[in-house]
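Everything on this sheet refers to the single structure shown next.
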Amino acid sequence: MLRRLWILLFPLLGAAQTPSKPANPYVGSEVCKTCHADVWLNFYKNPHFKSIASGKEAPEKTGCEGCHGPGGNHVAARGGKATIGAFSNFTAQQTLDTCLACHSKDISRANIRRSAHTEADIACNSCHLIHKPATPKFLLAKQQSELCYTCHASQRAQFEMPSKHRVNEGFMQCTDCHNPHGSAGSSGFVTASAGGGSAMLQPAFDNEEPCLKCHADKRGPFVFEHASVKVEGCEGCHLPHGTTNAKLLKRPVVYTICLECHNGAQGFGRENTSVFLTPSTHNLLDPKFQRCTLCHIRIHGSNSDPNFLR
């Protein structure tokens with residue numbers, strides 16, 4: 001008799017010792033407001049509020065629980081990071097996976113998993129501050145240039161030089177040339193530097209260097225192309241961020257740049273006939289011959305002269 005009673009009571013004892021789970025793990029964002037009023041107060045200004053405003057999203061994609069996961073256990077435990085998806089406890093990979101659950105469909109972020117930032121364990125929340133951002137657009141943790149300078153100190157120094165792109169003045173931004181979420185790489189672009197491996201450049205006209213967004217007159221196609229422009233790209237002669245030389249040139253005197261290629265070396269050129277050597281009629285000690293572009297003015301390409309003359 002006692003044995004039968006024990007058999008009947010055993011399942012009930014087991015059930016009493018097992019922690020009960022909330023009937024509905026998703027409690028809705030209104031419940032979060034009780035403790036996180038400072039976040040909820042301005043959340044309606046946040047782009048993520050669209051998931052609440054639409055009223056059409058599934059609970060796992062709505063409001064707070066769309067990013068932090070179901071809040072039932074968190075409410076039952078009266079708080080605690082261990083009972084909710086707290087980004088401060090996430091690894092870089094967990095953060096990336098959470099954000100890409102919604103943002104993976106954006107083409108601009110399609111290459112983020114193999115970008116230089118991801119490879120360096122820089123997660124989304126290293127640059128973006130979701131609840132209290134410094135900029136309403138893109139929800140950045142700081143103003144864009146200051147945010148990039150946090151890691152890229154050498155570029156900050158270059159933008160302080162006399163010849164530079166006007167990033168510090170607010171005329172342009174880093175993302176005008178770079179895609180911080182990664183680029184498609186160099187295989188699909190005209191020049192090796194256009195898609196840029198670690199440079200994460202943002203191509204212009206789908207597959208060309210970002211410089212051409214502003215400098216469209218240098219684009220071509222030209223009847224007579226300057227081979228170095230097509231092979232090396234703009235960075236063959238120019239330093240894009242800033243330099244002490246005029247026109248962002250790599251060297252202070254123009255002819256020293258030209259002589260890097262025009263040295264008569266064999267086995268180069270389109271016909272493999274070597275690169276043209278500076279003729280003997282050009283006395284390079286004479287200042288006028290040190291400014292090659294004084295005569296070869298169409299140095300990026302020409303429709304009228306194979307020597308890029310006027």
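The values are calculated or read from the model by the stated rules, or taken from the named source; none is laboratory data. Values in this document were obtained by computation on a predicted structure and should not be read as measured data. Cβ: placed from backbone, ideal geometry, glycine included. Neighbour counts: every protein chain shown.
Sort out which residues of the range 198-213 are touching a residue at least 40 places away in the same chain (Cβ under 8 Å) and among the acidic types (Asp, Glu), and write them in order of number.
None - no residue of the range 198-213 is touching a residue at least 40 places away in the same chain (Cβ under 8 Å) and among the acidic types (Asp, Glu), so the list stays empty.
Which residues, counting only those in the range 206-226, are in a loop (DSSP other than H, G, I, E, B), hydrophobic (A, V, I, L, M, F, W, C) and farther than 16 Å from Leu309 by Cα?
The answer is Cys214, and nothing else.
What is the residue count in the range 279-310 for residues that are of a type outside the set (A, V, I, L, M), assigned to a loop (DSSP other than H, G, I, E, B) and within 27 Å of His215 (Cβ to Cβ)?
Filtering the range 279-310 for residues of a type outside the set (A, V, I, L, M) gives 279-283, 286-293, 295-296, 298, 300-308, 310.
From what is left, the residues that are assigned to a loop (DSSP other than H, G, I, E, B) are 279-283, 286, 291, 295-296, 298, 300, 303-308, 310.
Now drop any that are not within 27 Å of His215 (Cβ to Cβ), which leaves 291, 295-296, 298, 300, 303-308, 310.
Final tally of qualifying residues: 12.
Just checking, which of Arg251, Arg270 is at pLDDT below 90, of a type in the set (Lys, Arg) and surrounded by fewer than 16 Cβ atoms within 10 Å (Cβ to Cβ)?
Arg270
Looking at the range 114-126, can you tell me whether even one residue there is surrounded by fewer than 16 Cβ atoms within 10 Å (Cβ to Cβ), of a type in the set (Gly, Ala, Ser) and assigned to a loop (DSSP other than H, G, I, E, B)?
The answer is yes, given that some residue of the range 114-126 is surrounded by fewer than 16 Cβ atoms within 10 Å (Cβ to Cβ), of a type in the set (Gly, Ala, Ser) and assigned to a loop (DSSP other than H, G, I, E, B).
Would you tally the residues in the range 99-114 being over 22 Å from Cys64 (Cα atoms) and modelled with pLDDT of 90 or more? Don't jump to the end; show me each part of the working.
Pass one, the range 99-114, residues over 22 Å from Cys64 (Cα atoms): 107-114.
Going one step further and asking which of them are modelled with pLDDT of 90 or more, we end up with 112-113.
Summing the residues that are over 22 Å from Cys64 (Cα atoms) and modelled with pLDDT of 90 or more in the range 99-114 gives 2.
For the range 28-112, give me every one of the helices (runs of 4 or more DSSP H) that falls completely inside it and has 3 or more residues that are under 25 Å from the mean Cα position of the chain (by Cα) and surrounded by 17 or more Cβ atoms within 10 Å (Cβ to Cβ). Walk me through how you get there before you give the answer.
Values: elements: 29-32, 37-40, 50-53, 63-68, 72-76, 92-103.
Fully inside the range 28-112 and qualifying: 92-103.
Taking interchain pairs and intrachain pairs at least six residues apart, which have beta carbon atoms under 6 angstrom, with the first residue in the range 61-76 and over 16 Å from Leu100 (Cα atoms) and the second of a type in the set (D, E, K, R)?
These pairs meet every condition: Gly71/Glu65.
Does the range 71-91 hold any residues that are farther than 14 Å from Thr34 by Cβ and among the charged types (D, E, K, R), and which are they?
Lys81
Select from the range 221-234 the residues that are crowded, with 18+ Cβ neighbours inside 10 Å and either free of Cβ contacts under 8 Å to residues at least 60 places away in the same chain or at positive phi (or both) and list them in ascending order.
Ser228, Gly233, Cys234
Can you find, within the range 175-190, the residue that is modelled with the highest pLDDT among those that are more than 14 Å from Ser115 (Cβ to Cβ) and buried (at least 20 other Cβ atoms within 10 Å of the Cβ)?
If we take residues in the range 175-190 being more than 14 Å from Ser115 (Cβ to Cβ) and buried (at least 20 other Cβ atoms within 10 Å of the Cβ), then Cys177 is modelled with the highest pLDDT.
Among Ala134, Ala123, which is modelled with pLDDT under 95, within 15 Å of the chain's Cα centre (by Cα) and not acidic (Asp, Glu)?
Working: Ala134 fails: within 15 Å of the chain's Cα centre (by Cα).
Going through Ala134, Ala123 in turn, just one is modelled with pLDDT under 95, within 15 Å of the chain's Cα centre (by Cα) and not acidic (Asp, Glu): Ala123.
Six or more apart or on different chains, Cβ atoms under 6 Å: show the pairs whose first residue is in the range 142-171 and on the phi < 0 side of the Ramachandran plot and among the β-branched types (Val, Ile, Thr) and whose second is buried (at least 16 other Cβ atoms within 10 Å of the Cβ) and in a loop (DSSP other than H, G, I, E, B).
Hits for this filter: Val167/Phe159.
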